[in-house]
Amino acid sequence: MKSAFNRSVLALTAILVVAVAGQANAQQKPLKKYESGTKEFWTHPPDDWFLGDETEGQKGLAPPSGPPTGASDAELAKLIPKIKLPAGFKIEVYASNVLAARQMAWGDKGTLFVGSFGLGNVYAIKDSGGKKEVKTILKGLNMPTGLAFRDGALYVIAVDKLIRYDNAEANLDNLGQGKVVYDDMPSYAAHGWKYIAVDKDGMMYLPFGPPFNIGIPPTNVSQIRRVDPKTGNAEVYALGVRNSVGGDVDPRSGRYWFTENARDWMSDDIPSDKLNMISKIGEHFGYPYCHQGDLPDPKFAMGHKCSEFTPPVLKLGAHVAPLGMKFYTGDHSPPNTRTTSSSPNMAPGTA
């Protein structure tokens, strides 16, 4: 009996020793580190490259993933009353069952076109006597998040292709293959989803995010390009941009404004996401050297000072993930939210 008890104690001791040793090995395991500035890195990137260099707080974590199931009408009915809005504003569901919706664009005949994130779909929403009809008009595209409508044509951007569908509202049942008007773009999916802003001359502003959280980006990303969809000509309009998921052209000054999501894994409280404005071609907004206009990156500042770069117009707060901004030129907003200011340093009418 005593022998059996001793064996049990020894077995329990062995289990505890193994467990403690396992914890010690996990703690001693070095943090993952990537040298993203080399050609070899981009030729054969590791599977978990998107997060960048590992930190103690990040160890063992990974981005959540799952299908975009959407919220039911009943769930939305409970959620919407909890959303706080300024006086004079209201919010309501315009249409249901538009999964993973991203950028929207109005057609000339009242069709609302909607891109999607991971599903590859583009939707068209028609108002038929007050009833919203949702039709999936394109399938199988590579993250067609960005849309624009101009001169009767629907433009869809799908990571590495800008595609034009002519006479779109008359052909919702069969848009065809479309015409690729610009494709000088990398195929990185991470931060490769794009959005379209169009100026009065029809030029399109497109963001190119780096395919990771933080690192030395390839030279064909971390920038804003201005593209002429008629000719396919493009120019690099701004540099040092991490991840912008929306912007707009000021109808008074013609300047491009955009939101920018800052890097992760520094802290819950820093760095701040940003609202930026391009005042001249070639401006650099700091990434990866400097964040929020005044915060050098602990690894990638590499001797640069934040004063070398264009600061944000406004700090939006850490990790708020701003999904773009718009200039509102209508007259339906409450009077206290309108402005006639033409100052290039303000963004009146944004939402």
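Any read-out appearing in this document is the output of simple, stated calculations on the displayed coordinates, not a laboratory observation. It should be emphasised that the depicted structure is a prediction, and the values quoted were computed from it without experimental measurement. Cβ placement follows ideal geometry from the backbone for every residue including glycine, while neighbour counts extend to all protein chains displayed.
Tell me, how many Å apart are the Cα centres for region 168-185 and for region 102-129?
Between the Cα centres of region 168-185 and region 102-129 lies a distance of 14 Å.
Got a sec? Charge dipole of region 72-199, +1 on Cβ for Lys and Arg, -1 for Asp and Glu; which of 129, 175, 140 is way out at the positive end?
Looking along the dipole axis, the top candidate is 129.
If the only charges are +1 at each Lys and Arg Cβ and -1 at each Asp and Glu Cβ, what is the size of the charge dipole of region 189-351 around the Cα centre, to the nearest 20 debye? It would help to have the intermediate numbers written out before the result.
Working: 16 positive and 16 negative charges, 50 e Å.
Once rounded to the nearest 20, the dipole reads 240 debye.
Quick one: length gained pulling residue 97 to residue 133 fully straight, 0.36 nm per residue minus the C-alpha distance? Display every interim value, and only then the final one.
Details: separation 36, 0.36 × 36 = 12.96 nm, distance 1.00 nm.
Full-extension gain reported as 12.0 nm.
For each of 116, 279, 187, count neighbouring Cβ atoms within 10 Å of the residue's Cβ, then give the residues from fewest to most. Write down the numbers at each step before the final one.
Values: 116 24, 279 14, 187 11.
Ranked by crowding around the Cβ, least crowded first: 187, 279, 116.
Around residue 262, which amide H atoms from residues at least 5 apart in sequence, or from another chain, sit under 5 Å from its own amide H, with H modelled in the peptide plane?
Long-range HN contacts for residue 262: 273, 274, 319.
Among the aspartates and glutamates, select those whose C-alpha is under 19 Å from the C-alpha of residue 90, and discard any that sit fewer than 8 residues away in the same chain.
Leaving aside aspartates and glutamates fewer than 8 places away in the same chain, those within reach of residue 90 are 73, 75, 331.
Using the 10 angstrom Cβ neighbour count as an exposure proxy, how do 283, 35 rank, fewest first?
On the way: 283 17, 35 10.
Neighbour counts put them in this order, fewest first: 35, 283.
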